[in-house]
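Here is the structure we will look at, set down as structure tokens.
Since every read-out is calculated from the coordinates, none of them should be taken as a lab result. These numbers come from a predicted model, not from an experiment. FYI the Cβ positions are ideal-geometry reconstructions off the backbone, even for glycines, and counts take in every protein chain you see.
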Amino acid sequence: MAQSRARNLCIAAVACIAVLAGGSLLLKTPSPTPSGTDSAQQTQGTDANLPEPLLVQELTEADPSYSLDDAAARADLIVTGTIVSEGASLLVKPVHEDADPRFFTDRTFKVDSVLKGSPAYSKGKGITLRTPGGRGTYVEMSNGSAPELNQGDNYLLFLYSIPDGSSYNTEGDHYYILGGSSGAWKQTGEGDAYVNPSELEDNRNVTTDDVTTAVKKLPPNGDEDSNSGAQATIEQIEQDYQNGSLSEEAYRDYLEIAQKEASSFATVLTGDEALAAEEEMLGASGIEIPATS
């Protein structure tokens, strides 16, 4: 994995330290929660089974856009295939105890071809894609930079994984889309062409041959850098401290968080734990849960 991508992960991980100020809140008119609904079902259910959320949080992190060559270099896995299903939203508690939980959504992506990465993901295999945003019983989180992935549509995806608990990562086999929406190219319906999702340097549609050419230009073993996730964060913190960008207090605080992320994973809250976390978010925003009928 390239050093430059590792530093992007570093920035994302350090940003988690300030997650309490990481989004804007929109308050919704309260609507009663249906009675007689199991708390685990409320938290993990789909939008169709839930009332309007009482609180909407817009996640405002901006993902960088990459040229085709940069995306090919930074991605751990490049695949084509189809979105076959969307799972329930997951409320993830980060390693950093003072940061708020966040919603993510998992989808299953059936692989047609692997253009870079593990041959274990051969045709017909399923990959779990995790994107920021989702909703529970009372709270919804949205992210405008996350790609729009529609079930049944075909995509060319540039993916990466995180080896530890940084950036809200939980233990398990799942991938994130590189650069947010810029890492998900939708098939045009015209053979092997995929639509450029954003204004990249080489603003054009591409084919799998174009991607294969970009991958072949990479240096041997150029993507096997283990310096990613929390380890990249630690090295960046050390560098920032050495050049005077961090105070002694900030250096110690950030280093402690990064070291925890390097040795443990974030966790998925379910059932009563998830419901309690949502209620705490509502309380922090001064929203009361309406009485059930």
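The table that follows gives values for the structure above.
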quantity: Distance in nm between pseudo-label sites at residue 217 and residue 196 (7 Å out along the Cβ direction from Cα); calculated: 1.4
quantity: Formal net charge of residues neighbouring residue 114 (Cβ-Cβ distance under 12 Å; K, R +1; D, E -1); calculated: +1
quantity: Three-way shape label, the stretch 51-199, alpha-carbon gyration tensor, a/c 1.5; calculated: prolate
quantity: Pairs beyond 19 Å (Cα-Cα), from 123/217; 125/217; 93/260; 116/216; calculated: 123/217; 125/217
quantity: Computed label-point distance, nm, for sites residue 242 and residue 153 using a 7 Å Cα→Cβ extension; calculated: 4.4
